[in-house]
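Q: Here it is: the structure, laid out below.
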Amino acid sequence: MSATPSLAPALATKRILVCVGSGGVGKTTTAATLALAAARAGRRTLVITIDPARRLANSLGLDRLGHEIRQVDPALVRAGAPRLGGELHAMMLDQKKAFDEVVATHAKDPAAVGRILGNPIYAQISGTLAGAHEYAAMAKLQELDATGAWDLIVIDTPPTAHALDFLDAPEKLTQAIDSPAIEWFRKLQGGSKSGWSVVGRTGSFILKRLSKFVGSQFLDDLGVFFTEFNDVLGGFRQRAAETVALLHQDKVGFVLVASPEPMAVQEALYFHQRLVAARMPFVGFVVNKVHAARPITQGKAELETLIAEAPPVAALGLSGTSIRMATEALVLAHADLEVLASADRMAIASLRAADPNAQLVLVPFQREDVHDVTRLIELGKFLIG
Ligand SMILES: Nc1ncnc2c1ncn2[C@@H]1O[C@H](COP(=O)(O)OP(=O)(O)O)[C@@H](O)[C@H]1O
Ligand SMILES: [Mg+2]
């Protein structure tokens with residue numbers, strides 16, 4: 001590809017960008033950076049972050065407890081921006097709350113919402129059900145997209161060990177709720193309004209015996225839970241299919257974030273294959289935390305002369321020898337960095353080979369933590385070229 005790789009076209013045309021990648025590579029940072037760049041290009045943008053570092057959250061005006069959308073200070077967002085009129089809004093998704101909200105939308109009435117959310121069995125399983133949190137994030141995305149209030153929504157993904165967990169969440173959740181164990185309870189309970197009334201004689205015998213071990217309160221909770229949860233489960237199944245359909249639309253773009261570490265690159269390659277196989281819209285790779293160092297080939301002789309001729313600096317109390325040693329140490333440190341940089345170049349090459357036509361942008365490793373708007377603006381320049 002001859003043009004400089006850039007995510008600018010995606011920022012200008014997509015309505016949803018999903019940042020995926022393995023933990024620690026810089027998904028949250030990239031999501032915030034992309035959203036800020038879009039706002040500065042004039043779009044009304046929302047970034048949904050999932051686990052922002054505290055300092056990043058603070059500089060976006062978010063506090064730990066918030067699950068609300070907050071506007072980031074327009075003066076900061078628009079400072080020196082190419083276009084005015086854009087806005088950046090941010091929210092920190094509380095995945096547990098988001099899951100509760102999904103449940104609430106599918107429950108049959110407000111009283112049922114209260115009974116489900118207050119049920120101890122719900123409290124136990126909602127946090128451990130496979131894919132529940134990822135699913136909740138997607139459902140929130142779908143809800144916010146449907147409001148039509150945003151030119152662009154950038155969504156960060158949960159800090160799972162495996163990026164693919166995000167893509168598989170709706171299916172995992174449906175599998176979990178259709179699991180034989182849950183199905184068995186549902187049948188046993190029969191959707192009755194009054195607990196375990198339709199279990200039949202054998203069933204009630206089993207339940208009676210069971211209650212000796214697990215307590216009758218537990219069984220009552222379970223019974224009520226399944227009665228109330230039946231509608232919700234039906235809603236989940238339907239919603240999961242809609243969410244998967246949304247993520248296939250052309251207005252969506254997946255941004256695969258990786259660092260040059262082998263594991264992160266592997267993960268990005270797998271994810272890329274999955275997107276291609278499922279015909280999901282891929283917009284490009286971001287390789288973050290790239291070590292930059294050029295091998296010292298040119299001017300090497302000059303450098304050696306410099307070391308050899310290092311003058312004594314009496315005023316600093318340093319001898320010529322110690323200056324020479326310091327310079328040599330610097331050259332060695334540079335050589336170490338060059339080893340890292342050349343490993344990075346190989347990692348980048350393997351991503352490029354996977355999809356030679358894809359946008360692939362490199363973000364250098366920053367000496368300081370990236371946590372304020374000014375630094376995010378600087379990082380944005382690497383993404384949009
Ligand atoms: N290019 C970079 N150079 C140096 N540090 C970075 C860079 N990008 C992100 N970081 C830092 O790395 C840490 C992890 O980033 P984060 O975006 O939270 O990753 P993830 O969301 O993928 O877990 C944060 O402390 C962040 O400030
Ligand atoms: Mg993160």
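Q: When you check residue 25 against the structure, is it more than 8 Å from ligand 1 (Cβ to nearest atom) and closer than 25 Å to residue 358 by Cα, yes or no?
A: So residue 25 does not fit the description; no.
Q: Name, by its number, the condition in (1) out of contact with any Leu (no Cβ under 7 Å at 6 or more places or on another chain); (2) assigned to a helix (DSSP H, G or I); (3) more than 16 Å from ligand 2 (Cβ to nearest atom) that does not hold for residue 100.
A: Single failed check for residue 100: (1).
Q: Would you please list the contacts, defined by Cβ atoms under 8 Å and residues six or more apart or on different chains, that run from a residue in segment 22-43 that is in the same structural domain as residue 75 (by TED's automatic domain parsing) to a residue that is within 16 Å of ligand 2 (Cβ to nearest atom) and among the basic types (Lys, Arg)?
A: 25/289; 26/289
Q: Considering only residues of segment 143-157 that are buried (at least 18 other Cβ atoms within 10 Å of the Cβ) and not in a loop (DSSP other than H, G, I, E, B), which is farthest from ligand 2 (Cβ to nearest atom)?
A: So the residue we want is 145.
Q: Okay, moving on. Return only the number of the condition from (1) over 15 Å from residue 32 (Cα atoms); (2) part of a strand (DSSP E or B) that residue 112 does not satisfy.
A: Only one criterion is unmet by residue 112, namely (2).
Q: Here is a further query. If residue 88 satisfies all but one of (1) in contact (Cβ under 8 Å) with a residue 60 or more places away in the chain; (2) surrounded by 22 or more Cβ atoms within 10 Å (Cβ to Cβ); (3) more than 16 Å from ligand 2 (Cβ to nearest atom), what's the number of the condition it fails?
A: (1)
Q: To continue, here is another question. Go through (1) part of a strand (DSSP E or B); (2) without any contact (Cβ under 8 Å) to a residue 60 or more places away in the chain one by one and return the number of the condition residue 61 breaks.
A: Among (1) part of a strand (DSSP E or B); (2) without any contact (Cβ under 8 Å) to a residue 60 or more places away in the chain, residue 61 violates only (1).
Q: Something else: Yes or no: segment 4-16 includes at least one residue that is in a loop (DSSP other than H, G, I, E, B), within 16 Å of ligand 1 (Cβ to nearest atom) and at pLDDT below 90.
A: So far as segment 4-16 goes, no, none of its residues is in a loop (DSSP other than H, G, I, E, B), within 16 Å of ligand 1 (Cβ to nearest atom) and at pLDDT below 90.
Q: Please determine, by comparing only the residues of segment 111-159 that are more than 21 Å from residue 175 (Cβ to Cβ) and among the charged types (D, E, K, R), which one is nearest to the chain's Cα centre (by Cα).
A: Here the residue is 156.
Q: If you don't mind, there's one more thing I want to ask. For segment 327-352, name all the residues that are touching a Pro at 6+ places or on another chain (Cβ under 8 Å) and buried (at least 17 other Cβ atoms within 10 Å of the Cβ).
A: 344, 347, 348
Q: Inspect segment 77-92 for any residue being assigned by TED's automatic domain parsing to the domain that holds residue 46 and part of a helix (DSSP H, G or I) and give the result as yes or no.
A: Yes, segment 77-92 contains at least one residue that is assigned by TED's automatic domain parsing to the domain that holds residue 46 and part of a helix (DSSP H, G or I).
Q: Give me a count of the residues in segment 353-385 that are surrounded by 15 or more Cβ atoms within 10 Å (Cβ to Cβ) and assigned to a loop (DSSP other than H, G, I, E, B).
A: Here the count works out to 6.
Q: Tally time: how many residues in segment 91-111 are under 17 Å from residue 47 (Cβ atoms) and free of Cβ contacts under 8 Å to residues at least 40 places away in the same chain?
A: Number of matching residues: 1.
Q: Also, quick follow-up: When you look at residue 290, is it touching a Phe, Trp or Tyr at 6+ places or on another chain (Cβ under 8 Å), at pLDDT 75 or above and in the same structural domain as residue 52 (by TED's automatic domain parsing), yes or no?
A: Judged against the criteria, residue 290 is a match.
Q: Among the residues of segment 38-57, what is the count of those that are assigned to a strand (DSSP E or B), within 12 Å of ligand 2 (Cβ to nearest atom) and either more than 18 Å from residue 140 (Cβ to Cβ) or out of contact with any helix residue (DSSP H, G or I) (no Cβ under 6 Å at 6 or more places or on another chain) (or both)?
A: Selection size over segment 38-57: 1.
The values are calculated or read from the model by the stated rules, or taken from the named source; none is laboratory data. If you're wondering where the values come from, they're calculated on a predicted model, not measured in any experiment. Cβ sites come from the backbone with ideal geometry, for glycine too, and all protein chains shown count toward neighbours.
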